[in-house]
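Report on the structure given below.
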Amino acid sequence: MTLDEARAHLGVTTAASVEEIRDAFRRRARALHPDLHPDADDADRARLGREFHNAREARDILVRYVSDPLRKEPPRPGEQKPTRSSAGPRMAPPTASGSPQATPPPPRVTMRFDEFVAWTDAAGFGPGVRSPRYVDWTRVIVWSTLGFVVVALVGGTIIAANSI
């Protein structure tokens with residue numbers, strides 16, 4: 001389902017907010033939910049179920065799209081999207097001498113593999129660092145005590161049986 005199909009299914013505009021999308025879904029759900037049509041025959045209930053599923057899918061798509069922080073606004077009608085060749089280098093405001101300076105490139109957000117290895121080693125995830133082995137001392141004590149009791153009982157019965 002495309003964004004335009006989702007908008008058409010819920011009846012919202014391109015500038016709809018998350019709240020408007022959810023309100024439109026609620027209105028559509030009240031009209032389409034199969035449980036609200038108990039007297040409908042099986043074919044109508046199946047059709048209503050499919051339309052309700054489509055409305056839910058449209059809501060999910062639009063809410064995910066609208067709330068995406070990396071989403072870029074679509075160009076306005078008549079406005080051309082600048083291309084890399086036509087935009088030219090970005091220039092900073094003129095300095096005191098009056099000549100503009102090129103802005104530095106944005107900071108790198110990716111990490112090379114060797115940087116990642118150094119970072120994980122520094123964070124304690126390196127090959128020489130091991131977490132201590134977990135020992136459940138309660139179970140060790142209980143089973144050891146039980147073992148001593150069993151040995152004492154069995155050993156006592158063997159000694160008693162031999163002396164008879």
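For the range 56-92, the set of residues classified as of a type in the set (Val, Ile, Thr) and modelled with pLDDT under 80 consists of Thr83 only.
Any residue at all in the range 44-55 that's open to solvent by 100 Å² or more (accessible area, probe 1.4 Å), closer than 30 Å to Glu5 by Cβ, modelled with pLDDT of 85 or more and not in a strand (DSSP E or B)? For the range 44-55, residues open to solvent by 100 Å² or more (accessible area, probe 1.4 Å), closer than 30 Å to Glu5 by Cβ, modelled with pLDDT of 85 or more and not in a strand (DSSP E or B): present. Do we have Ala31 as open to solvent by less than 70 Å² (accessible area, probe 1.4 Å), within 12 Å of Arg7 (Cα to Cα) and small (Gly, Ala, Ser) here? It is false that Ala31 is open to solvent by less than 70 Å² (accessible area, probe 1.4 Å), within 12 Å of Arg7 (Cα to Cα) and small (Gly, Ala, Ser).
The values are calculated or read from the model by the stated rules, or taken from the named source; none is laboratory data. The structure presented is a predicted model; accordingly, all values stated were derived computationally and were not measured. Counting neighbours? That spans all protein chains shown, and the Cβs are built from the backbone with ideal geometry, glycine included. What goes into the accessible areas is simple: the full protein's heavy atoms, side chains included, and nothing from ligands, DNA or RNA. Shrake-Rupley method; radii C 1.70, N 1.55, O 1.52, S 1.80 Å.
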